[in-house]
Amino acid sequence: MSDKGPFDDESQRKLLSNSKNHIDDVSKEDPDLCYRPLNEVTVYERDLDSFPEERKNEALERFKLLSLIGKELNGPWPLDQVKALIEKHKHDITISTPSPRTVLRWRERYEKSDGDLKSLIVRNHAKGNRKPKIEGDEYYFDLAVQSWLQAERPKISKAYERYSDSIDVANENIIAGKIPCVSYKTFSRRLKQLPPYAVALQRHGKYFADLWYRHNAKHKPPTRVLERVEIDHTQLDLMLLHDEYLVPIGRPCLTMLIDVFSGCIIGFHLGFHAPGYATVAKALLNAMKPKDYVKDLPIELNNQWLCEGKIERLVMDNGAEFWSKSIDDACTELNIAVQYNPVKKPWLKPFIERSFGILNQTLLDTIPGKTFSNVLEKGDYDAANKAVMKFSTFVEELHRWIIDVHNAKANSRNNRLPNLYWSQSVKTLPPPRLPVKDNKQLSIVMGLLDKRKLTEKGIQYEDLFYRSQALADYRARFPQTQESAIKTIKVDPDDMSSIFVFLEEFDGYIEVPCDDPVGYTKHLSLHEHLIIKRAHKLYIKGHVDTLSLAKARLALAARMEDETEDLRTFKRKRKPPKNMKKMAEFSGISSAAIESQRAKPQKSTSKKNKGEELQKAADFLEDWEEILGDLDEE
């Protein structure tokens with residue numbers, strides 16, 4: 001096995017010597033010191049306090065005895081005088097009485113070290129053999145280690161079995177100097193001495209290796225509210241009921257934002273659709289807009305939700321739901337800087353992650369219908385049958401928990417009160433206001449971006465038609481080309497009753513309602529509409545007789561093949577008559593005529609008679625063409 005450290009493969013940096021020049025180069029105020037890898041930091045000599053307390057006290061007692069003897073002997077230390085002085089002061093020390101020669105060795109080591117007390121330490125920790133007692137099995141040990149470091153994480157006993165079996169097979173053809181084999185205990189001890197990061201990297205993957213052995217550096221703290229805001233999603237461990245039908249509808253997904261400076265939760269969005277731009281946009285709207293709607297909630301609150309204003313920096317995961325052109329465009333227009341964290345490193349936004357944990361522990365633990373992330377913890381608990389809380393009720397109680405509990409309660413170290421920090425920061429330096437005039441304008445900025453064609457029917461979006469008199473007047477007044485008819489629209493994902501259409505001639509948006517006489521789109525979200533569409537398609541598909549359709553399609557194909565074969569059999573050398581349309585008109589060929597013919601009983605004709613019928617038809621066509629030609633001449 002290689003003796004490289006776990007980080008050598010990544011850094012490929014040379015180990016620096018601990019010379020005096022290197023010690024002088026590293027300043028105590030070096031800002032990069034916390035980011036230096038192990039092979040680049042200075043290793044300073046250990047002091048007396050780093051030894052065990054027993055060894056430290058013993059060294060101090062030895063020094064005490066040397067000091068007592070040194071006060072009475074100014075010159076050389078004769079052996080007999082040292083012996084007498086040891087006998088004199090043996091009651092002044094707590095260690096066993098040493099021999100004169102031992103004391104002289106202590107004095108010699110102390111003087112050679114220039115008065116370093118560590119020279120008087122009992123060096124029992126440095127005793128013993130540091131080399132392995134058994135050598136020659138390195139190749140087979142490496143093979144066993146490679147098998148143990150697999151992602152399947154085999155047990156040590158399996159690796160030792162591979163090690164001992166390989167040696168037994170190799171020793172089969174060796175007469176003298178057989179390969180030694182260590183015991184299971186020694187083999188296990190060797191494995192446990194391997195670099196833990198390298199072991200975790202192979203057996204558990206890079207994510208867990210970085211998680212367990214990461215460098216927990218602090219962020220530069222913000223100096224005001226909304227300077228740094230963290231956002232993330234989580235699926236709550238709670239089963240909720242439908243407000244009307246009182247049936248379990250699943251676990252909701254919570255998108256939440258928290259201000260790092262004050263610790264206040266500044267906004268959220270709760271729903272059942274997967275995280276995406278829609279959830280992020282609604283959460284951002286809730287965070288930055290005034291919270292006046294809280295007064296209309298049917299619950300009594302003891303505090304106000306003070307948080308509003310423009311976010312300066314938004315810190316989010318590198319997940320696919322955050323990589324959206326609509327999010328980038330909206331944040332750019334609102335002058336919000338976006339920071340993406342590296343993949344699978346949630347500890348880089350600790351505040352929002354911690355808030356999710358507090359929410360699960362303080363609010364959800366006591367609500368019936370709580371689910372468990374761990375299957376073993378769940379046991380026989382049926383969350384769906386235990387669920388008692390309606391979705392709207394939980395939304396109200398979530399507001400109460402945010403406003404009256406989380407934002408109004410000091411943190412666990414009692415060094416920050418979110419509402420107090422927010423109020424003081426706003427008084428000192430109020431957050432910037434949003435660069436929009438009203439809520440409609442903000443809905444446009446945060447709306448879902450799309451392109452749709454303007455036609456006489458208006459604009460169609462997800463099988464819904466949006467039209468108005470103003471849009472019809474626009475089409476009548478301004479001519480549209482194939483390119484200019486493609487309009488930019490903005491959709492509010494939580495309100496499908498209207499969309500915003502950008503008109504180049506007016507250099508702005510107009511609101512266009514949905515053509516919905518029955519009120520289907522009132523309070524309808526885009527997610528709900530897509531689910532209803534999918535359910536309707538499945539309903540229609542379920543009422544279609546697929547077997548009947550299959551038989552009809554096969555019969556149609558067989559009929560076409562028969563007609564083609566008949567046409568190929570009847571090979572006429574002349575061109576078809578010119579007056580076939582008049583013949584058809586005179587003959588009264590129509591679907592009604594065919595149906596009347598089907599009503600009459602038909603005699604079945606064999607394939608032998610078909611040739612005769614086709615020949616008669618050819619003779620008839622020749623005569624009929626002459627008749628029609630005479631009619632045209634008249």
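The values are calculated or read from the model by the stated rules, or taken from the named source; none is laboratory data. Just so you know, these numbers come straight off a predicted model, no measurement behind them. Here the Cβ is made from the backbone with ideal geometry for all residues, glycine too, and neighbour counts use every protein chain on show. These area figures cover heavy atoms from the full protein model, side chains too; ligands, DNA and RNA do not enter into them. Shrake-Rupley method; radii C 1.70, N 1.55, O 1.52, S 1.80 Å.
Taking region 391-446, which residues are closer than 12 Å to G263 by Cα and in contact with a His (Cβ under 9 Å, 6 or more places away or on another chain)? Listed by number, the list holds a single entry, P418. Identification of strands (runs of 3 or more DSSP E) wholly contained in region 416-476 with 2 or more residues that are touching a strand residue (DSSP E or B) at 6+ places or on another chain (Cβ under 8 Å) and loosely packed, with under 15 Cβ neighbours inside 10 Å yields 448-455.
When you scan region 57-158 for helices (runs of 4 or more DSSP H) that lie fully inside it, which ones turn up with 2 or more residues that are among the small types (G, A, S) and either closer than 30 Å to R190 by Cβ or open to solvent by less than 100 Å² (accessible area, probe 1.4 Å) (or both)? Don't jump to the end; show me each part of the working.
Working: elements: 79-89, 100-112, 138-148.
Hits in region 57-158: 138-148.
Residues in region 180-210 that are part of a helix (DSSP H, G or I), open to solvent by 50 Å² or more (accessible area, probe 1.4 Å) and hydrophobic (A, V, I, L, M, F, W, C): L201, F208.
Residues in region 153-200 that are in contact with a Pro (Cβ under 7 Å, 6 or more places away or on another chain) and either more than 19 Å from K131 (Cα to Cα) or of a type in the set (V, I, T) (or both): Y197, A198.
For (1) open to solvent by less than 70 Å² (accessible area, probe 1.4 Å); (2) in a helix (DSSP H, G or I); (3) farther than 20 Å from V280 by Cα; (4) at pLDDT below 70, each residue gets a yes or a no:
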| residue | (1), (2), (3), (4) |
| --- | --- |
| E308 | no, no, no, no |
| V338 | yes, no, no, no |
| F351 | yes, yes, no, no |
| F356 | yes, yes, no, no |
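Scanning region 231-259 for residues that are of a type outside the set (D, E), touching a Leu at 6+ places or on another chain (Cβ under 9 Å), open to solvent by 10 Å² or more (accessible area, probe 1.4 Å) and not in a strand (DSSP E or B) turns up V247, R251. Can you tell me which residue is farthest from V405 (Cα to Cα) among those in region 288-301 that are touching a Lys or Arg at 6+ places or on another chain (Cβ under 9 Å) and either touching a residue at least 40 places away in the same chain (Cβ under 8 Å) or outside the structural domain of C331 (by the TED database) (or both)? The selected residue is M288. Taking only region 504-533 into account, find how many residues are surrounded by 16 or more Cβ atoms within 10 Å (Cβ to Cβ), assigned to a strand (DSSP E or B) and of a type in the set (G, A, S). Residues meeting the conditions: 0.
Can you tell me which residue is most open to solvent (accessible area, probe 1.4 Å) among those in region 477-503 that are charged (D, E, K, R) and modelled with pLDDT of 90 or more?
Within region 477-503, the subset charged (D, E, K, R) is 477, 483, 487, 490, 492, 494-495.
Still in the running and modelled with pLDDT of 90 or more: 477, 483, 487, 490.
On the way: R477: 165, E483: 139, K487: 1, K490: 24 Å².
Residue satisfying both the conditions and the ranking: R477.
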